[in-house]
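Each value in this text was obtained by applying a stated rule to the coordinates, not by laboratory testing. All values reported here derive from a predicted model rather than from experimental measurement. Cβ placement follows ideal geometry from the backbone for every residue including glycine, while neighbour counts extend to all protein chains displayed.
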Amino acid sequence: MAVIAGKSSIDQAAKQHGVLPSTVEGWRDAAVLAIEQAMAMGNSTPKEHEHEAKVEGLEVALKRISIQHALAMNGVEEWTKTARPTRPARSRR
């Protein structure tokens, strides 16, 4: 944390913990990534993120079905325009 806060250099932290400076850099990068991910989550819980992912999936499915429906309706309209008309049924009078 001291490296992230700027209170200690990477070399100082490496000596303090008995590791290579590259190890401390890896720790710093992992910590920064975790902080970014936590900030991206905001106040949401993992369950809320799961629900959001499901909603996104359902929205995609709904869009796909809507497009398929529109294409099917266009096909029906084209078919009715080109289909041969049938004779009206005879009256039973």
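Neighbouring Cβ atoms within 10 Å as the yardstick, rank V24, V60, V3 fewest first.
Placing the least packed residue first, the sequence is V60, V3, V24.
Helix 46-82 sits at what angle to the longest principal axis of the chain, using alpha carbons and giving 0 to 90 degrees rounded to 10?
Tilt relative to the chain: about 30 degrees.
Using Cβ counts within 10 Å as a stand-in for footprinting exposure, how do R28, R90 rank, fewest first?
The order, fewest Cβ neighbours first, is R90, R28.
Rounded to the nearest 10 degrees, what's the angle between the helix 21-41 long axis and the longest principal axis of the chain, both from Cα atoms, 0 to 90?
For 21-41 against the chain, the angle is about 40 degrees.
7 Å from Cα along Cα→Cβ at both V19 and S44: what's the point-to-point distance in nm?
Each label point is offset 7 Å from its Cα along the Cβ direction, giving 3.1 nm.
Counting other beta carbons within 10 Å of each Cβ, put T80, T86, T23 in order, fewest first.
Ordered by Cβ neighbours within 10 Å, fewest first: T86, T80, T23.
How many nm separate the modelled label positions at E36 and L62, each set 7 Å beyond the Cα in the direction of the Cβ?
Here the modelled spin labels are 3.2 nm apart.
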